Structures are given as C-alpha cells and as structure tokens.
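Peer 1: Before I ask anything, here is the structure I am working with.
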Amino acid sequence: MAMVDEPLYPIAVLIDELKNEDIQLRLNSIRRLSTIARALGEDRTRKELIPFLSENNDDDDEVLLAMAEELGVFIPYVGGVEYAHVLLPPLETLCTVEETCVRDKAVESLCRIGAQMKESDLVDWFTPLVKRLAGGEWFTARVSSCGLFPIAYPSAPEMLKTELRSIYSQLCQDDMPMVRRSAASNLGKFAATVEQTHLKSDIMSIFDDLTQDDQDSVRLLAVEGCAALGKLLEPQDCVAHILPVIVNFSQDKSWRVRYMVANQLYELCEAVGPEPTKTDLVPAYVRLLRDNEAEVRIAAAGKVTKFCRILNPQLAIQHILPCVKELSSDSSQHVRSALASVIMGMAPVLGKDATIEQLLPIFLSLLKDEFPDVRLNIISKLDQVNQVIGIDLLSQSLLPAIVELAEDRHWRVRLAIIEYIPLLASQLGVGFFDDKLGALCMQWLEDKVYSIRDAAANNLKRLAEEFGPDWAMQHIIPQVLEMIKNPHYLYRMTIIHAISLLAPVMGSEITCSKLLPLIVDASKDRVPNIKFNVAKVLQSLIPIVDQSVVEQTIRPCLVELSEDPDVDVRFFASQALQSSDQVMMSS
C-alpha cells in the first residue's frame, strides 16, 4: 500500500507547504517544483501540478517571482515542446499581478517558452494569450502583453499579423501611461520582427504617436526606439523619419528626454550615417554639451570621445573642442569627472599638434582639479596621450603634476598614482625614472595609510621585475635595509612585507646574502606582530633558498619563535616549521 501512496506524497507535501503561513516554507516548496515534477512524472505534472499552480492565489510577491522563474524552465518536466502550452495558463495569471518584477519575470518565462514552441502551437495557444492580455481590463495585463508580441508575430498568418499590428497600435494610444511606456520600450523588438513594407507604414505611424506623447516617461523610451528603428530602416528612410525626431528630442522640454538623447546619440549617429551627423547631429550634440541641466551634460561629456571618432579631426576641433574647454571648468564636479574619464581618448583622434596645443592645457587643469575623482580619471588614462605626443613632452608637461599628486591629501589619489607607476616606469625608462620618481616610491613605504604602504611594497616588486635584480640591488635594497630600523613597528612591518615580495624576484643568492639576515634580526623584535610576520616570511622563503640555508638559518630561527611567549607567534612559527618538514620530506 505504501508503494501505491508514495507518488501522492510529494504533491501532498507541496500543497501543504504552499498553504503554510510561513513564507519561507512556501518559497522552498516553489523552488523544489522541478524535483516534485520529476517525482510525479510528466503526465501527472500536466494534469495535477500545473492546474494546481494556476489556481494558487498566493499573495506574496517573492513566492510568485520564484514561481514565474521556475515555470520558464519547466518544458522538460511536462513532456517536452509538444506540451509546452500547458505552462501558459499559470504564467498568464502571473502577467496580471500588481508587482512589476513578477510580471517582468512571467513575460521573460513566456518568451523563453514561446521561443521553443512549434509554430502551430504558437498560433493556437500563444497568440490568443497575447490577445487576451492586450484586451485585459486591468492595465497590468496590457503592460505585460507588449513584451510578448515579438514572439507571437513571426509565426502568425497574414490576417493575424494585421490584427496584431492593429492591437499594438491601440496599446501605444492606451489611456494608461504605464501601458504606453511598455509599448514604447518594446517597440524596437517588435519592429525587428515586422516586414519591411509594414515597418514604414504601420510601425512608423505608431512611433510618431509615441514621440509626441504628453508624458516625458513615454517620450524618453521612444528615444531608445529611435536607435533600434534606425538600424532596421534604410539610410534614406532613417534620415527622413528618425533624424527630425532626434533633433526635436535634443531640445525637448524635459531634461530626462534630453538625457536619453545624450546617452543614445552615438548609436543614433551610426544609424543615420556620416553626412546627416555632420549637418544635423553635431549642432544637437553641442546643445547637449551646453545644456543647463548637469545630468544632461554628464551624459553628453561621457560620450565626447566616441562622438569625435565619427567626425573628422577638423570638425571635432571646430565644434566639440570649445565645449570640452567649457566643461573642464564646469560648476558640477560630476560633469568634470565624466569628461576626465574619456577626454584622454580624444588625443589619438585629434592628432599630435592639436593634442599639444588644445588638449594638454585641459589635461593639466583637470589634473589640478579640487575633486579627487577628476584627478584619478586623468591619471588612469595617461598612456593614451603618451602614444600620441611621446614621452618627452608628456614628462615635461604632466610629470610635475603627477609628482604633486603623489603627495595628494586624498589617499585614493596617491593609490592611483602608485598603481600607475610601473606602467609609467616602463614608458619613461630607467634613467628618467631614477631621476624623477625613485625617491617617491620609497617615500610611500612610510605613508600613514595602510593601503598606500601595501601598494608601495607591491610597487617595488613590479619595478624590480621591470628593471631587473641588478637595478633593484642598487636602488631599492639599500634603502629597504635602512628603513627596517624605523622606530614605528607598522613601518617595520611594511618593510618585512616588501622583502617577502622582493625575494622571489631577486633570486636565491641576493636573498641569502642581503634579505635573510635582515629577517632573522627582525625575529628578535620586541613587537609580537613583527615576529609572527617574520615567521610567515621565513615560510615563504623556504622554497626559494637552498636546503642547507633552511637547515642552518631558517629552522633555528623558527624553533626559537615557536617557543615565544605570544600565542600567535608560536602558531605561525609552528606552521612554518611544518611547511619546512614537508619540503624536506618531498626533496
């Protein structure tokens, strides 16, 4: 009897848990739907589980969201693609709930299922569902329906296609702004499935209605439609239909619409082609760069390099550069920051002469900006300018500013400079580096901020890799040996960390003769933190040095540390001893 009852058990548990007051139990139950479906088998899943889920009127959004997600991957559990349509009713119900994220997930799952369904099933089951939702009394259903048209349309017969285009047109004129917003945001995807002949007539008239909507939230979504439709239309149609809309939108009374244009303008330029860009879109872009709303200027400034790449250098210098100069002293720090993050990319576009004459002064003013993010954004892109103007000019004009930033009061700016030093070193060469930047690298090892000291230690390692052990032996090691005598234990600890990083680069001989004696001396330090870090460093040195050095120098030092009064020192010392035992056994 138990054998017969067993398959009933999972569905009984599911029903009990789905009706439980504890939301976590209901959620767990939904997340285990696939397991329950496997236990029930395909037939019973179709006949019992799915109808039960259709009738389940849980009011918790988290449970409904999990259900919408699970059903999207449920085709294998109902018997494959030919039975996919049985999953539509519960998802249709979820498309009408009030919570947006549940509806979005239900639409996503329906699209996933629809993409796998047979054409005949799409016409018989999926398209009627879309029509029901589009004609729904409650706006939530109509909002959801807009995302399903791209799946339903391609497989529909001609008469049905005409009807679907007509329904979509009605949704674009719906009384509820939320429905029009959904129609506007999905227009690009729907248009991609519509035939070229209907694209010009039906879709463009729908698009025109949306661009003149009285709600700015609808118009700004229509801006996205501009870019999507622009890619589908022929260039001449694009110029006739899309270009005037973009130009109007760039002067829209709502800053949010202008912001969207500024964000999308590069894609729109690609759609309309080079000539209309020069004549119509350059003036529109200049207007956006000088917009009275800071958010619009931020979006426009962030696209300045991409936009300049479309134009020839002459046009960029004539029209865009004056705006860039204005933006570099903009009242909003966020505008200056957005400009600083991309302005370096203009150097290759404008060429050497224009960069030296026009851009370098702007770089310098941004490098001295009071806002740290602006300075950071310039520092991190210096290599793009170096490629254009060469290292001599770069060092003469920008290096004094870099040296100044190396002592900046904001530690993140100092950190950015440190991380940039190895790249700068490889570009400047060893002679130049020693003259101008060598002292700075040592100075950072005694910074007040730990992150700076840590980055400075890593920086020494990268410089040793770049210039070689001989250079490091001459320029780094003597100063490191001197710094270990610092009276403050935190600085001594930084030096010990630097030694552990330098040892693998310097090789066994220099490590044994110069670095190891320093570490052994440090093991007698009065501060426990120093001593347990010494134990860690000695452990890292074991694979680098010869076995005889381990026996004669490292192990005795570790044995002494393993008897230290401090518990942490003993712990790390015994760990290091175990490691040395393993190395000896393996060798």
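Peer 1: Answer yes or no as to whether R570 is basic (K, R) and not in a helix (DSSP H, G or I).
Peer 2: Spelling it out, it is not the case that R570 is basic (K, R) and not in a helix (DSSP H, G or I).
Peer 1: Looking at this structure, is D124 modelled with pLDDT of 85 or more, part of a helix (DSSP H, G or I) and either under 18 Å from I50 (Cα atoms) or open to solvent by 70 Å² or more (accessible area, probe 1.4 Å) (or both)?
Peer 2: No; evaluated as a whole, the condition is false for this residue.
Peer 1: Right, next: Which count do you get for residues in the stretch 53-85 that are under 26 Å from I23 (Cα atoms), of a type in the set (A, V, I, L, M) and buried (at least 18 other Cβ atoms within 10 Å of the Cβ)?
Peer 2: Selection size over the stretch 53-85: 8.
Peer 1: For the subset of the stretch 366-380 comprising residues that are closer than 18 Å to I298 by Cα and assigned to a helix (DSSP H, G or I), which member is most open to solvent (accessible area, probe 1.4 Å)?
Peer 2: D373
Peer 1: Next up: Can you tell me which condition Y168 does not meet? The list is (1) over 31 Å from the mean Cα position of the chain (by Cα); (2) closer than 19 Å to V107 by Cβ; (3) surrounded by fewer than 22 Cβ atoms within 10 Å (Cβ to Cβ), and all the others hold.
Peer 2: All conditions pass for Y168, except number (3).
Peer 1: Considering only the stretch 300-310, how many residues are farther than 20 Å from P274 by Cα and open to solvent by less than 10 Å² (accessible area, probe 1.4 Å)?
Peer 2: Here the count works out to 1.
Peer 1: Would you confirm, using the coordinates I've provided, whether P543 is loosely packed, with under 14 Cβ neighbours inside 10 Å and either of a type in the set (A, V, I, L, M) or part of a helix (DSSP H, G or I) (or both)?
Peer 2: No; evaluated as a whole, the condition is false for this residue.
Peer 1: Also, quick follow-up: Restricting the search to the stretch 92-116, which residues are among the hydroxyl-bearing types (S, T, Y) and open to solvent by 20 Å² or more (accessible area, probe 1.4 Å)?
Peer 2: Those that are among the hydroxyl-bearing types (S, T, Y) and open to solvent by 20 Å² or more (accessible area, probe 1.4 Å): T93, T96, T100.
Peer 1: The conditions are (1) under 17 Å from Y168 (Cα atoms); (2) open to solvent by 40 Å² or more (accessible area, probe 1.4 Å), and E234 fails exactly one of them. Which is it?
Peer 2: (1)
Peer 1: Checking S395 against (1) assigned to a helix (DSSP H, G or I); (2) at pLDDT 75 or above; (3) in contact with a helix residue (DSSP H, G or I) (Cβ under 8 Å, 6 or more places away or on another chain), which test does it fail?
Peer 2: So the condition that S395 fails would be (2).
Peer 1: OK, next. Name the residue that is nearest to the chain's Cα centre (by Cα), counting only residues in the stretch 254-280 that are surrounded by fewer than 18 Cβ atoms within 10 Å (Cβ to Cβ) and at pLDDT 85 or above.
Peer 2: R256
Peer 1: I would also like to ask the following. Among the residues of the stretch 309-329, write down those that are closer than 22 Å to Q251 by Cβ and assigned to a helix (DSSP H, G or I). Spell out how you get there, then give the answer.
Peer 2: Step one: list which residues in the stretch 309-329 are closer than 22 Å to Q251 by Cβ, which gives 310-311, 315, 318-320, 322-324, 326-327.
Hits for the stretch 309-329 are I310, L315, Q318, H319, I320, P322, C323, V324, E326, L327.
Peer 1: Quick check: is even one residue across the stretch 131-148 open to solvent by less than 40 Å² (accessible area, probe 1.4 Å), acidic (D, E) and either without any contact (Cβ under 8 Å) to a residue 24 or more places away in the chain or part of a helix (DSSP H, G or I) (or both)?
Peer 2: Taking every residue of the stretch 131-148 in turn, none turns out to be open to solvent by less than 40 Å² (accessible area, probe 1.4 Å), acidic (D, E) and either without any contact (Cβ under 8 Å) to a residue 24 or more places away in the chain or part of a helix (DSSP H, G or I) (or both).
Peer 1: Could I ask something else about it? Give Y9, Y77 a once-over and let me know the one that is hydroxyl-bearing (S, T, Y) and modelled with pLDDT under 80. Talk me through it step by step, then tell me what you get.
Peer 2: On the way: Y77 fails: modelled with pLDDT under 80.
Result of the check over Y9, Y77: Y9.
Peer 1: Moving to a separate point now. Pull out all pairs, ordered by first then second residue, where Cβ-Cβ is under 9 Å, the residues are six or more apart or on different chains, the first lies in the stretch 471-489 and is at negative phi, and the second is part of a loop (DSSP other than H, G, I, E, B) and open to solvent by less than 80 Å² (accessible area, probe 1.4 Å).
Peer 2: Y489/D525; Y489/V527
Peer 1: Let me ask something additional. Please return the ranges of helices (runs of 4 or more DSSP H) entirely within the stretch 446-532 where 2 or more residues are open to solvent by 60 Å² or more (accessible area, probe 1.4 Å).
Peer 2: Filter on the stretch 446-532 gives 450-467, 469-475, 477-483, 489-506.
Peer 1: Which ones in the stretch 177-195 are farther than 13 Å from S144 by Cα and either open to solvent by 20 Å² or more (accessible area, probe 1.4 Å) or β-branched (V, I, T) (or both)?
Peer 2: Across the stretch 177-195, the qualifying residues are P177, K189, A192, T193, V194, E195.
Peer 1: Could you look through the stretch 496-549, keep only residues that are of a type in the set (K, R) and touching a residue at least 12 places away in the same chain (Cβ under 8 Å), and pick out the one that is farthest from D566 (Cα to Cα)?
Peer 2: Selected residue: K514.
Peer 1: Next question, about the same structure. Of the conditions (1) at pLDDT below 75; (2) within 25 Å of the chain's Cα centre (by Cα), I418 fails just one. Which one is it?
Peer 2: Failing condition for I418: (1).
Peer 1: Which of (1) open to solvent by 60 Å² or more (accessible area, probe 1.4 Å); (2) modelled with pLDDT under 85; (3) not in a helix (DSSP H, G or I) is the odd one out, the single condition N292 does not satisfy?
Peer 2: (2)
Peer 1: Further question: With the condition kept exactly as written, say whether any residue in the stretch 554-574 is open to solvent by less than 30 Å² (accessible area, probe 1.4 Å) and within 45 Å of the chain's Cα centre (by Cα).
Peer 2: The answer is yes; a qualifying residue exists.
Peer 1: Kindly indicate whether R258 is within 24 Å of S217 (Cα to Cα) and in a helix (DSSP H, G or I). Spell out how you get there, then give the answer.
Peer 2: Numbers: within 24 Å of S217 (Cα to Cα): yes; in a helix (DSSP H, G or I): yes.
Taking the combined requirement at face value, the residue satisfies it.
Peer 1: Residue check, S29 against (1) at pLDDT below 75; (2) surrounded by 16 or more Cβ atoms within 10 Å (Cβ to Cβ); (3) not basic (K, R), all met but one. Which one?
Peer 2: The single condition S29 does not satisfy is (1).
Peer 1: Could you list, in sequence order, all residues of the stretch 521-573 that are of a type in the set (G, A, S) and in contact with a Leu (Cβ under 8 Å, 6 or more places away or on another chain)?
Peer 2: Within the stretch 521-573, S523, A535, S562, A573 meet the criteria.
The values are calculated or read from the model by the stated rules, or taken from the named source; none is laboratory data. Quick caveat: nothing in here was measured; it's all calculated off a predicted structure. Because the Cβ atoms are built from the backbone with ideal geometry, glycine has one as well, and the counts that use them run over all protein chains shown. Note: areas computed on protein heavy atoms with side chains; ligands, DNA, RNA excluded. Shrake-Rupley method; radii C 1.70, N 1.55, O 1.52, S 1.80 Å.
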